[in-house]
Each structure stands twice: as structure tokens, then as C-alpha cells.
Amino acid sequence: FRKGIPETADYVFDTRFLANPHWKDKLRKLSGTNKGVQQFIRADEGFEPFMQNVTQIIQLILPALQKTGKPQLGIAFGCTGGRHRSVTSAEYLASWAKDRKIKHVLEHLEL
């Protein structure tokens, strides 16, 4: 995180282990909201297992939070520049939450 870890983050995930689109001329100036960038990152063999683990953690935690009355859960993804891998991961998680009708807010701090 260039600007530091967001204060609202309960869980922070580092995505720097994923393939970096910055090194692809056609993708460098785009962001993780772009389908081509997303396809490039999702093609990394580590992406799906990583996101499956993230969503499993959330599925485990949400019911416990609801029981204790905690109103929200902050999830943050970070990478070197905050434009590609972390954005793609956040977009994936937002889509996952939407599919399960989990109320959520998606915010990209570096875009």
C-alpha cells in the first residue's frame, strides 16, 4: 500500500505474488477494472486458490460477526502500485459478495 494500510481494514491480503501486468506493455496503463487485466491476473495459477481461501475466511467470519453485532468487515488487498492485482482481487471479491447477496462497498484507494 503506497499510502499505508487502510484504517478500516480488518484483514489485509498481499497480492504481490501474482503475475504483474505492469510488465506487459498493452496492460501497463490499464487498471484491474479492465477485463484484459483481469484475465491476465486470473490466469495466474495462484489466483483462484488464493481467492478461494479469502472467501473461505470471510464465510467463516461473517456469521460470528453477525452474532456479536459487529456491523461491518473491512477487507483490503495490496500490491506494488495498487492498480492491477489488488484491484482485480477486490473486483473479484465484490462480485463474489454480490452473487451471495452480501451487502458490500467496493472502494479502490489508488485509482
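The values are calculated or read from the model by the stated rules, or taken from the named source; none is laboratory data. These numbers were taken from a predicted model, which means no experiment stands behind them. Glycine gets a Cβ as well: all are built from the backbone with ideal geometry, and neighbour counts include every protein chain shown. Heads up: the accessible areas ignore ligands, DNA and RNA and are worked out on the full protein's heavy atoms, side chains in. Shrake-Rupley method; radii C 1.70, N 1.55, O 1.52, S 1.80 Å.
Worth a mention:
- Lone unmet requirement of (1) open to solvent by 100 Å² or more (accessible area, probe 1.4 Å); (2) at pLDDT 95 or above for residue 30: (1)
- Whichever residue in segment 53-85 is open to solvent by 40 Å² or more (accessible area, probe 1.4 Å) and assigned to a loop (DSSP other than H, G, I, E, B) and, among such residues, is modelled with the lowest pLDDT: 71
- Residues (more than 26 Å from residue 105 (Cβ to Cβ), of a type in the set (A, V, I, L, M) and part of a helix (DSSP H, G or I)) located in segment 20-52: 27
A quick yes/no check of all residues on (1) of a type in the set (Asp, Glu); (2) under 17 Å from residue 77 (Cα atoms); (3) free of Cβ contacts under 8 Å to residues at least 24 places away in the same chain:
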site: 20; (1), (2), (3): no, yes, no
site: 26; (1), (2), (3): no, no, yes
site: 29; (1), (2), (3): no, no, yes
site: 38; (1), (2), (3): no, yes, no
site: 41; (1), (2), (3): no, yes, no
site: 45; (1), (2), (3): yes, no, yes
site: 48; (1), (2), (3): yes, yes, yes
site: 56; (1), (2), (3): no, yes, yes
site: 64; (1), (2), (3): no, no, yes
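- Of all residues in segment 86-107, those that are closer than 16 Å to residue 33 by Cβ and surrounded by 12 or more Cβ atoms within 10 Å (Cβ to Cβ) have Cβ atoms under 8 Å from Cβ atoms of residues that are at pLDDT 95 or above and of a type in the set (Asp, Glu), 6 or more apart or on another chain, in 106/91.
- Residue match in segment 18-27 (condition: under 25 Å from residue 100 (Cα atoms), touching a Phe, Trp or Tyr at 6+ places or on another chain (Cβ under 9 Å) and surrounded by 15 or more Cβ atoms within 10 Å (Cβ to Cβ)): no
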